[in-house]
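Down below is the structure, laid out as structure tokens.
The values are calculated or read from the model by the stated rules, or taken from the named source; none is laboratory data. The shown structure was predicted, so the numbers you read here are calculated from the model rather than taken from an experiment. Note: ideal-geometry Cβ built from the backbone for every residue, glycine included; neighbour counts use all protein chains shown.
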Amino acid sequence: MKSQSLKYSYLILILIFSCKPTNVKLTDNTETDLKIWYHKDYKRDNIPGISLEKFLSKSKTLKSNNQIIVAVLDTQIDTNHEDLKSAIWVNTSEIPNNKIDDDKNGYIDDVNGWNFIGTKSGDYTVWGNFEYTRFVREYTPIFKDKRREEITQNDVRNYDEYLRALKYQDKWYVYYKNFLRSLKYRSSLYYTAKDTLKHYFPKEDYTIKQLDSMYTLHKINDKTFKERRDTDDRDFGALISIMKITIETENNSIEKLEDKKTQIDSITHKNVNIEYNERIFIGDNEKVLEKGYGNGKINSKLSGTRRLFGHSTKVSSIIAANRNNNIGIKGFSDNIKIMPLSISPSGDENDKDVSMAIRYAVDNGAKVINMSFMKEFSLHPEWVIEAMQYAEEHNVLLVHSSGNDSFSVDTNPAYPSDYYYDNKEEVCNNFINVGSISAKLDSTFVSSFSNYGKKNVDLFAPGDKIYSAVPENKYTFDSGTSLAGPMVSGAAALIWLYYPDLTVQEIKQIILDSGTAYDIEVLIPSEKGKKTHFRELSKTGKVLNVYNAMELAKKINKLKRSK
């Protein structure tokens, strides 16, 4: 389905107000400003934020009694967080914990959302395969040892993706296997190294430089250590090297070393293990789209499991943190409700879960769907495409974070996407892909980790050093395009709160057209010092601007009402 022209597109072009490129310079700001820099306005505050504060300060007479639901497709969430508990969506048609599908929507006890990766036992999935591992498992029986000329035209895409996935699988399985071996080796000798060095440093206050000097004393170097490591040589040089690495990577903490070993062990034996399949524990038919699998536990606290709900808590707080409790941070509006839909384990999201979560969000009243995840393979992209089109048919906006791989998504596959596999035809016109910018209006304006693309990234939003909520009533700074996406989701929700008659296509166009353009040369992520103009890294060449978007929405809405 090709992008459709908007009914009022000509008006949008006429009504675009001052978004001209500006030569900019960032000045020093207070710690408080830096915590909320992304809400600031460049012209008022000399900080390149999204101008949310400017809109709110000038709109005190503008009221909205509406509520709007933003579905967050993500990890589990801390529903009891002081800044979020009043913002969690409640399915009033469902009676809690009666094990009955009261509202007959296909999900039992979905009081606050749904966990699509909940297990049959009532637990939740911690580890999931990487998508390239799923791809190799799925297509090895079909394509193994086949030449391309033996493949039918209908299977060419899957065959090519299988070969690409096989390279990833081989590379990363070997990488994590060796990484785990190294961690086990360091763990086994840590206390020996610690006790040995205590003879020379009784207070255990040695530095990297001091440890380096010990090599000269014993006439051994890192190369020798690496050669001897595989023979489990416990000589003094090996012990020095172990302690150096532990100081550099884990701050000399055996607890951090053991935790890293546990994580890499799980990645090796689960994420990249073809023999491991998390769907066995979920208990669904992974080849069929269906309702009802999983469970309603979106904030599990089960013993013996890894709690995975920090990411969704951060994302959701940016959108809907309480604005009136004078603690933590402030979201876009207290009239926004978060619908938590858990699809993200430690691993890659499954296309079935993405598709079913989108459909759940649409069917249960969400107007905006935030998707702060990205993967480089997609086993069933057609399922996700159909769900995205279903959302457009029901006037629902999809906001997606472009990813943190520092590459162009025009030339590297990235999913989900609003383009078909050949990257030529758009599948829908209700999808916004968001890159990340920093607070520094210099060559590092585009976050070094952010994906970009003149064709496939629509615009940028703040995603660097963002202050947000984390579980257990805490807050922290973090960075990622995952935090830029919810800026756009919050903006879209705010527009719809005040102007509910606008269509999803109009909302998208308003957001894209009203952004701020900056006349600045920036470093291209991962291009080793190469620069380009900021406008070349996204379709619009702009940064989200809430104030401008609200002004433009007001004008478009007024014109529609006058018809």
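Things to note:
- Test: residue in segment 403-424 that is farther than 30 Å from E138 by Cα, buried (at least 24 other Cβ atoms within 10 Å of the Cβ) and aliphatic (A, V, I, L, M): no
- Tally of residues being more than 23 Å from G435 (Cα to Cα), in contact (Cβ under 8 Å) with a residue 12 or more places away in the chain and of a type outside the set (G, A, S) across segment 34-64: 2
- Count of segment 346-386 residues, restricted to those that are in contact (Cβ under 8 Å) with a residue 12 or more places away in the chain and closer than 19 Å to K291 by Cα, is 25.
- Any hit, segment 129-142, residues being out of contact with any strand residue (DSSP E or B) (no Cβ under 6 Å at 6 or more places or on another chain) and either small (G, A, S) or at pLDDT below 95 (or both): no
- I77 crowded, with 16+ Cβ neighbours inside 10 Å, more than 19 Å from K314 (Cα to Cα) and among the hydrophobic types (A, V, I, L, M, F, W, C): no
- Scanning segment 390-406 for residues that are over 15 Å from A493 (Cβ atoms) and assigned to a strand (DSSP E or B) yields a total of 2.
- Test: residue in segment 443-450 that is in a strand (DSSP E or B), within 29 Å of V362 (Cβ to Cβ) and either touching a Ser or Thr at 6+ places or on another chain (Cβ under 6 Å) or aromatic (F, W, Y) (or both): no
- Residue match in segment 140-147 (condition: outside the structural domain of T313 (by TED's automatic domain parsing) and either under 30 Å from the mean Cα position of the chain (by Cα) or acidic (D, E) (or both)): yes
- For L497: the one exception among (1) crowded, with 17+ Cβ neighbours inside 10 Å; (2) within 21 Å of the chain's Cα centre (by Cα): (2)
- Pairs with Cβ under 8 Å, 6+ apart, first in segment 522-540 and on the phi > 0 side of the Ramachandran plot and crowded, with 19+ Cβ neighbours inside 10 Å, second assigned to a loop (DSSP other than H, G, I, E, B) and of a type in the set (G, A, S): none
- Among residues of segment 155-171 that are on the phi > 0 side of the Ramachandran plot and charged (D, E, K, R), none has a beta-carbon under 8 Å from a residue that is surrounded by fewer than 18 Cβ atoms within 10 Å (Cβ to Cβ) and at pLDDT 95 or above at least six positions away or on a different chain.
- Residue list for segment 80-95, restricted to those being under 28 Å from L497 (Cβ atoms), surrounded by fewer than 19 Cβ atoms within 10 Å (Cβ to Cβ) and either over 24 Å from the mean Cα position of the chain (by Cα) or in contact (Cβ under 8 Å) with a residue 60 or more places away in the chain (or both): N80, E82, S86, V90, T92, S93
- S121 closer than 24 Å to S468 by Cβ and either among the polar types (S, T, N, Q) or in a strand (DSSP E or B) (or both): no
- Taken over segment 32-66, residues that are modelled with pLDDT of 95 or more and more than 20 Å from A461 (Cβ to Cβ) amount to 0.
- All of (1) at pLDDT below 95; (2) of a type outside the set (G, A, S); (3) touching a Lys or Arg at 6+ places or on another chain (Cβ under 8 Å) hold for F281 with one exception: (1).
Matching residues to (1) in the same structural domain as S51 (by TED's automatic domain parsing); (2) under 18 Å from F445 (Cα atoms); (3) surrounded by fewer than 23 Cβ atoms within 10 Å (Cβ to Cβ); (4) among the acidic types (D, E):
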| residue | (1), (2), (3), (4) |
| --- | --- |
| P471 | yes, no, yes, no |
| G480 | yes, yes, yes, no |
| M487 | yes, yes, no, no |
| I507 | yes, no, no, no |
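- When I336, I329, I318 are checked against the criterion of being over 14 Å from G113 (Cα atoms), surrounded by fewer than 24 Cβ atoms within 10 Å (Cβ to Cβ) and assigned by TED's automatic domain parsing to the domain that holds S468, I329 stands alone in meeting it.
- Residue that is farthest from the chain's Cα centre (by Cα), among those in segment 194-215 that are of a type in the set (D, E) and closer than 15 Å to S253 by Cα: D195
- Unmet criterion (only one of (1) under 19 Å from G403 (Cα atoms); (2) touching a Phe, Trp or Tyr at 6+ places or on another chain (Cβ under 7 Å); (3) not in a loop (DSSP other than H, G, I, E, B)) for P525: (3)
- Residue list for segment 303-344, filter: under 19 Å from Y107 (Cβ atoms), out of contact with any helix residue (DSSP H, G or I) (no Cβ under 8 Å at 6 or more places or on another chain) and not in a helix (DSSP H, G or I): none
- Single condition L211 does not satisfy, out of (1) exposed (fewer than 14 other Cβ atoms within 10 Å of the Cβ); (2) part of a helix (DSSP H, G or I); (3) at pLDDT below 90: (1)
- Qualifying residue in segment 422-443 (condition: of a type in the set (D, E, K, R) and on the phi > 0 side of the Ramachandran plot): no
- Enumeration of residues in segment 460-475 that are out of contact with any Leu (no Cβ under 6 Å at 6 or more places or on another chain) and either within 30 Å of K560 (Cβ to Cβ) or touching a residue at least 40 places away in the same chain (Cβ under 8 Å) (or both): F460, P462, K465, Y467, S468, A469, V470, P471, E472, N473, Y475
- Here T249 meets the list (1) crowded, with 16+ Cβ neighbours inside 10 Å; (2) outside the structural domain of T75 (by TED's automatic domain parsing); (3) at pLDDT 90 or above; (4) more than 30 Å from S378 (Cα to Cα) almost entirely, failing just condition (1).
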